[in-house]
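Written out below as structure tokens is the structure these notes cover.
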Amino acid sequence: MSLYFELHPDNPQPRLLRQAAQILHAGGVCAVPTDSSYALVCHLDDKNAATALRRIRQVDERHHLTLLCRDLSELANYARVDNRQYRLLKAGTPGPYTYILEATKEVPRRLSHPSRRTVGLRVPEHRVTQALLEELGQPLLATTLIPPGEDEPLNDPQEIRERFEHTVQAVLDAGACAMAPTTVIDLTEGEPRLVRLGRGDPARLGLAPD
């Protein structure tokens, strides 16, 4: 049975954040709000938790999981970023964008793309998620909370609780959030490439949708 934490969206209660961080440190999977939709998250270094997260979403190792980072400096610890890429990242950070970048050695090989050694990273613009990252002290491994066999992400924490109460260890309720995935930009092939158009406006990064 999932624990259910009702957090203030602008001033999340530190006591509840500590409890959520303890669950993640212990290998749990949590549903958390972001600036796009709710996401499933787990501890970066816990192989079993990452396996559980993929099992809940029913995706294999070819599906990019994303690292949620506190800021650009933390993101740069996990991806190789040149000056041009950094300027683009800065223009869209924080925000509802996921960037595909070349992974550094800090990223466990099992978490990067098996053939490309790339990883998805982003800095979310949501106070609860940011506060949880601060409490945890490191990035979270994440994937958009899209139920298996469906196309749309979930944004209602009560529905998430009802549908996933036996598969996730905690749901962090900060109210409904946007119901759209992030915009995904691939920065590994020279020119930035729009992989998926989501909530983030590509024009903010100087890109035009295909």
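List the GluC sites (Glu not before Pro) within the stretch 59-156 that fall in a DSSP loop (any state other than H, G, I, E or B) and whose Cβ has at most 14 other Cβ atoms within 10 Å.
GLU61, GLU106, GLU150
Please find, in a Gaussian network model of the chain (springs between Cα atoms separated by less than 10 Å), the residue of GLY198, GLY149, GLY120 whose mean-square fluctuation is greatest.
The residue with the greatest mean-square fluctuation here is GLY149.
If you wrap a convex hull around the alpha carbons of the stretch 144-185, what volume per residue comes out, as a whole number of Å³?
Cα convex hull per residue, to the nearest whole number: 93 Å³.
Using the Cα centre of the chain as origin and beta-carbon charges of +1 (Lys, Arg) and -1 (Asp, Glu), tell me which of PRO124, ALA170, SER2 is placed farthest towards the positive end of the dipole.
PRO124
In the chain, which longest range has no trypsin sites (Lys or Arg not before Pro) that are both DSSP loop (not H, G, I, E or B) and surrounded by at most 11 other Cβ atoms within 10 Å?
106-210
Considering only ASP60, ASP46, ASP186, give the residue with the highest GNM mean-square fluctuation for the chain, with springs between Cα atoms whenever their separation is below 10 Å.
It is ASP60.
Could you check the simple spin-label distance between ARG84 and GLU189, using points 7 Å along Cα→Cβ, in nm with one decimal?
Result: 1.5 nm between the two label points.
Find how much the distance from ALA208 to ARG196 grows on full extension, using 0.36 nm per residue of separation minus their present alpha carbon separation; answer in nm with one decimal.
Result: 3.1 nm gained on full extension.
Taking Cα pairs under 8 Å and at least six residues apart, what relative contact order does the stretch 3-205 come out at, in percent?
Relative contact order comes out at 32 percent.
Taking the Cα centre of each part, how many Å lie between the stretch 148-210 and the stretch 30-53?
Centre-to-centre distance over Cα atoms comes out at 13 Å.
Tell me which residues come under 5 Å, amide H to amide H, from GLY200 once H is placed; ignore anything under 5 positions away on its chain.
It is THR183, by chain and number.
Using the Kirkwood radius built from alpha carbon pairs, what does the Stokes-Einstein equation give as D for the chain at 20 °C and 1.002 mPa s, in µm² per second?
Estimated diffusion coefficient is 126 µm²/s.
Might you report the magnitude of the Cβ-based charge dipole of the chain about its Cα centre, with Lys and Arg at +1 and Asp and Glu at -1, to the nearest 20 debye?
Value, rounded to 20: 660 debye.
Using C-alpha positions alone, give me the convex hull volume of the stretch 87-210 per residue in cubic angstrom.
Value for the stretch 87-210: 145 Å³ per residue.
Taking the chain as a Gaussian network, where each spring joins two C-alpha atoms under 10 Å apart, which residue of VAL195, VAL32, VAL123 fluctuates the most?
With Cα springs under 10 Å in the chain, the top fluctuation among VAL195, VAL32, VAL123 is at VAL195.
Enter the angle in degrees (range 0 to 90, nearest 10) between the Cα long axis of helix 14-25 and the first principal axis of the Cα atoms of the chain, meaning the one along which they spread out most.
Around 70 degrees separate the two axes.
Every number in this text was worked out from the coordinates using simple rules, so none of it is lab data. Please read all numbers here as calculations on a predicted model, not as lab measurements. Because the Cβ atoms are built from the backbone with ideal geometry, glycine has one as well, and the counts that use them run over all protein chains shown.
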